[in-house]
Amino acid sequence: MPIIPAEPKRSDMTAYPKTHALMARGCEFLGTEHAILCGAMSWVSERNLVSAISNGGGFGVIACGAMTPELLDAEIAATKALTAKPFGVNLITMHPALFELIEVCARHQVSHVVLAGGIPPKGSVEAIKAFGGKVLVFAPTLALAKKLLRSGADALVIEGMEAGGHIGPVSTSVLAQEFLPELAADFVVFVAGGIGRGEAIAGYLEMGASGVQLGTRFACASESIAHPDFKKAFFRANARDAVASVQVDPRLPVIPVRALKNKGTEEFTAKQREVAAILDAGAIGMGEAQLQIEHYWAGALRRAVIDGDVENGSLMAGQSVGMVKAEEPAADIIAQLMAESETALAGR
Ligand SMILES: Cc1cc2nc3c(=O)[nH]c(=O)nc-3n(C[C@H](O)[C@H](O)[C@H](O)COP(=O)(O)O)c2cc1C
């Protein structure tokens, strides 16, 4: 019999009245106490961290990454055994078995599915809504965001280039100014990228965000299964160490990835040259070339997170890594963020 931990003590809802007033829509949408998502992090966001975030009053999201439908099925079941609170599943749109993964989510009646990594393919949003799931999407431009929200997506995450992992070219502060005044009145929008403290959360909530999404700040939570050496690298790093990867061949467009500088960063340059050469030789098409690049990242991230190879693996991290100083329980990080936001708002 799986053991469901005792209902965690709900924090006093009056402890953060100003923050909760601004988060109300986000909390209602997510079904959580606080509108703070822990963005899916491949290899890191599995049952332990996801359940700890949700039990701590936030919203955990399983990173499906390159998992097979069978593995995702097992991960959702295991997460359900650790929390009775809502959590989501993040699916990468270019996954070849995307629709089977959606079926797995349907069987488990997953309440929220996040579609990441590209424009949702035809029928994917509909398939999630058909089983009653809510759909969160990313959009790089305002026009696309409007289109996705009008055609069925339930909420939007805007993520700036300060974030860890795959990134776009625009900063969070600029995206927030472009998207929130246009969308926040009518839609649920979460802001992500570079958020390390509650003061920043307060600012984005005041601009109209319904909530926020953080990754880097949660990657080293006590419940995170990331290797101790991966965590140590985070504790030592400063904002300037989290750099975006460079595209070396103009013919091979690669999505930049923000990670801590190491030998693996250089190896990525070599990998791009290798893939570009096979592309030139006509042995593979552009789609396959990009898939090979993505497989490279998944493998490199696994090496760092699971094996602790912090030299050659990929230490994906956002610029807020400088604010990650020690291992702390996820619930404590959430409480700190809420308290910082509340103090900021109370002092206005
Ligand atoms: C180690 C790591 C792995 C990540 N993997 C994924 C992923 O698999 N899918 C995804 O949509 N986002 C991924 N992200 C992005 C996070 O979900 C989140 O949006 C981001 O970390 C927020 O910005 P922050 O790092 O500045 O807090 C990853 C981020 C990190 C740091």
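At a glance:
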{"read-out": "Positive-end extreme of charge dipole, the chain - chosen from Gly31, Gly198, Ala21 (charges on Cβ)", "value": "Ala21"}
{"read-out": "Residue pairs, from the table Lys18/Lys325; Lys18/Lys134; Lys122/Lys232; Lys146/Lys271; Lys18/Lys261, whose Cα atoms sit over 31 Å apart", "value": "Lys122/Lys232; Lys146/Lys271; Lys18/Lys261"}
{"read-out": "Equivalent ellipsoid dimensions for the chain as semi-axes, Å, which come from the Cα gyration tensor, largest first", "value": "30, 23, 21"}
{"read-out": "Estimated inter-spin distance, Thr343 and Lys261, nm [label 7 Å along Cα→Cβ]", "value": "3.2"}
{"read-out": "Dipole moment magnitude, nearest 20 debye, the stretch 131-202 about Cα centre, only Lys, Arg, Asp, Glu C-beta charged", "value": "220"}
{"read-out": "Of Gly285, Gly152, Gly322, the one that fluctuates the most in a GNM where the chain has Cα springs shorter than 10 Å", "value": "Gly285"}
{"read-out": "The chain - charge dipole about Cα centre, Lys and Arg +1 at Cβ, Asp and Glu -1, debye rounded to 20", "value": "340"}
{"read-out": "Translational diffusion coefficient (Stokes-Einstein; Kirkwood radius from C-alpha pairs) of the stretch 228-319 at 20 °C, 1.002 mPa s, in µm²/s", "value": "158"}
{"read-out": "Net charge over other residues, Cβ less than 14 angstrom from the Cβ of Ala145 (K, R count +1; D, E count -1)", "value": "-2"}
{"read-out": "Total charge dipole magnitude, the stretch 220-336, about the Cα centre, Cβ charges on Lys, Arg, Asp, Glu only, Debye to nearest 20", "value": "300"}
{"read-out": "Most to least packed among 44-53, 88-97 [average Cβ atoms within 10 Å]", "value": "44-53, 88-97"}
{"read-out": "Whole-Å distance, taken between Cα centres, linking the stretch 260-298 and the stretch 98-127", "value": "27"}
{"read-out": "Given charges at Cβ of Lys, Arg, Asp, Glu: the chain dipole, positive-most of Leu142, Phe230, Met161", "value": "Leu142"}
{"read-out": "Normalised contact order of the chain, rounded percent, pairs of Cα under 8 Å and 6 or more residues apart", "value": "19"}
{"read-out": "DSSP H segments from the chain that extend 27 Å or more along their own axis, Cα-based, with Kyte-Doolittle mean of -1.0 or above", "value": "286-305"}
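Every number here is computed from the coordinates shown, using simple stated rules; none is lab data. Keep in mind it's a predicted model, so treat the numbers as computed, not measured. We place every Cβ from the backbone using ideal geometry, glycine too, and count neighbours over all the protein chains shown.
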